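Since every read-out is calculated from the coordinates, none of them should be taken as a lab result. The structure presented is a predicted model; accordingly, all values stated were derived computationally and were not measured. In this analysis, Cβ positions are derived from the backbone assuming ideal geometry, glycine residues included, and neighbour counts consider all displayed protein chains.
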Amino acid sequence: MWWIIVPWQILCCFAIDPLWMFTGKQLKHYFPTIKTKSIGRQAYIIKNIAKSIILMFLTPPAMWVINRIIFYNTWESAMIKTMGAMYAASDIVAVFKMFEKLPLTTKIHHLCVCVFAFLNAVVIDYNDSTSIWRNTAMLAAFSAPTYGVNTFLGLRCIDSISTREKKRLANFALSIYSFFITASFIWQCFAILILPYGWAWHSWFYLFAVAMIYYDDYSLSRYLLLHSDCTKQSLN
């Protein structure tokens, strides 16, 4: 069904710009201090808030996918591919429009997502029980409910939001992030070490890409920990 997913992926990418414009307009209306930031910083704030909106929208169907896979071993291929394209669109556009402004770990994360998006559209068959690559569906599904992290990354840069509120948001983001990333990691370990997948040369690329994504997750978790009530360090 690549002839459906590829155009859908392109359409999702084109929809990101209007979403960024709308998000930026709303943020500047409710938080006028954003206008004092540099163009690059404004783009970073808007990108993260917009992505959090997308992930929040994807959370209910993502939970449905997780439920179907874990409890019924049913992989809804059409739904997964459609959601995967929506999930990846923001990262794809960010790679092309603001790659140089992103932290190194985020660059690696976004590039891995771009590769997964291509494979999702034209290569992966989620009904193929011998393909380790179909577990990218669970990688993305477990990431959707962590939208609070992107919300925090954006709002932490807004001066008119108090340090107390930022800490509360960091606490919420860290708790949700820790739970779902741990669950995601457990699933990937279960899939790699226990499930009977046919190993091939490209399986090592899957392991590398997943490791890079979890390294970015680890870096974000440490950052959230430093800015939560779990430590004495205050937000700058």
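Quick notes on this structure:
- With a threshold of 27 Å on the Cα-Cα distance, the over-threshold entries among LYS28/LYS51; LYS37/LYS81; LYS47/LYS167; LYS97/LYS167; LYS25/LYS167; LYS51/LYS167 are LYS37/LYS81; LYS97/LYS167.
- Full extension of the segment from ILE108 to ASP229, taken as 0.36 nm per residue of separation minus the current Cα-Cα distance, would add 40.7 nm.
- Inter-site label distance for VAL95 and LEU195 at 7 Å from Cα along Cβ, in nm: 2.3
- Summed over qualifying helices (DSSP H, 4 residues or more, each -39500 (n - 2.57)) and divided by its residue number, the chain shows a 222 nm mean residue ellipticity of -26000 deg cm²/dmol.
- Here the Karplus relation 6.51 cos²θ - 1.76 cosθ + 1.60, evaluated at θ = phi - 60°, turns the backbone of region 17-32 into coupling constants of 4, x, 5, 4, 5, 5, 4, x, 5, 5, 5, 5, 6, 8, 10, x Hz, with x for every Gly and Pro.
- Computed 3J(HN,Hα) for region 207-224, one whole-Hz value per residue from the Karplus formula 6.51 cos²θ - 1.76 cosθ + 1.60 where θ = phi - 60°, is 4, 5, 5, 5, 4, 5, 5, 5, 5, 5, 4, 4, 4, 5, 4, 5, 5, 5, glycine and proline marked x.
- Residue of CYS114, CYS189, CYS157 that the Gaussian network model of the chain assigns the largest fluctuation, springs spanning Cα pairs under 10 Å: CYS189
- For region 58-192, the relative contact order works out to 27 percent when only alpha carbon pairs closer than 8 Å and six or more residues apart are counted.
- Normalised by residue count, region 22-104 yields a Cα convex hull volume of 115 Å³ per residue.
- In terms of its C-alpha gyration tensor, region 93-179 has an oblate overall shape, because the principal axis ratio a/c (a ≥ b ≥ c, square roots of the eigenvalues) is not below 1.5 and a/b does not outweigh b/c.
- Sequentially through region 86-102, phi angles give Karplus couplings (6.51, -1.76, 1.60; θ = phi - 60°) of 5, 4, 7, 4, 4, 5, 4, 5, 4, 4, 7, 9, 8, 4, 5, 8, 8 Hz, Gly and Pro residues having no value and appearing as x.
- Expected-Rg normalisation [2.2 N^0.38 Å, Cα atoms] applied to the chain: 1.03
- Between THR163 and VAL115, the FRET efficiency estimated from the beta carbon spacing at R0 = 30 angstrom works out to 0.20.
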